[in-house]
Amino acid sequence: MAELQVELVAPDRKVWSGTATMVVARTLDGEIGILPGHTPVLGVLQTGSVRVEKADGGVLLAAVDGGFLSLANDQVSILAEGAELAEEIDVAAAEAELVRLRSSGDADLVAQKRAEARLQAAEGRMHAH
């Protein structure tokens, strides 16, 4: 079975690298699902979650703070401005941050999107098990 080689990196570290059967991410043009054999693509990532269905059957979920996704020859590179694996996210702290942001007088929509993405990734992790 064909596989994708995936690398998820942030400015401060390589977040994850491995083989996968599918990658799903949200770009400015909408959600994209990538399978082996997909035509080359370059997209600008929105703040949100990335889902990687690993070749071993597991699922990797991460929250990303924008960046770029590129695909060529079954090699997927996700170059995120910031990235956090679902298992690294403190759900209670993320929920508290989102409540604080929503109740503050400042409408910091970027920070709210980031907090929502973190919660979406963390909640996806809990439902995947």
Search segment 69-94 for residues that are on the phi > 0 side of the Ramachandran plot and pair each with any residue that is modelled with pLDDT of 95 or more and assigned to a strand (DSSP E or B) when their beta-carbon atoms are under 7 Å apart and the residues are at least 6 apart or on different chains.
-> ASP74/LEU4; ASP74/GLN5
Within segment 111-129, restricting attention to residues that are at pLDDT below 80 and open to solvent by 70 Å² or more (accessible area, probe 1.4 Å), which residue is farthest from GLN46 (Cα to Cα)?
-> HIS129
What number of residues in segment 56-69 are more than 17 Å from ARG118 (Cβ to Cβ), open to solvent by less than 40 Å² (accessible area, probe 1.4 Å) and either assigned to a strand (DSSP E or B) or among the hydrophobic types (A, V, I, L, M, F, W, C) (or both)?
-> 1
How many residues does segment 28-55 contain that are open to solvent by less than 70 Å² (accessible area, probe 1.4 Å), part of a strand (DSSP E or B) and either in contact with a strand residue (DSSP E or B) (Cβ under 6 Å, 6 or more places away or on another chain) or touching a residue at least 12 places away in the same chain (Cβ under 8 Å) (or both)?
-> 13
If we scan segment 31-44, do we find a residue that is of a type outside the set (D, E, K, R) and within 16 Å of ALA121 (Cα to Cα)?
-> no
Given (1) surrounded by fewer than 19 Cβ atoms within 10 Å (Cβ to Cβ); (2) over 14 Å from the mean Cα position of the chain (by Cα); (3) farther than 26 Å from PRO36 by Cβ, where does GLU81 come up short, assuming only one miss?
-> (2)
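The values are calculated or read from the model by the stated rules, or taken from the named source; none is laboratory data. On a predicted model such as this, the values are computed, not experimentally measured, just so you know. All Cβ positions, even for glycine, are placed from backbone atoms using ideal geometry, and neighbour counts span all protein chains on display. Areas reflect the complete protein model, heavy atoms only, side chains present, ligands, DNA and RNA absent. Shrake-Rupley method; radii C 1.70, N 1.55, O 1.52, S 1.80 Å.
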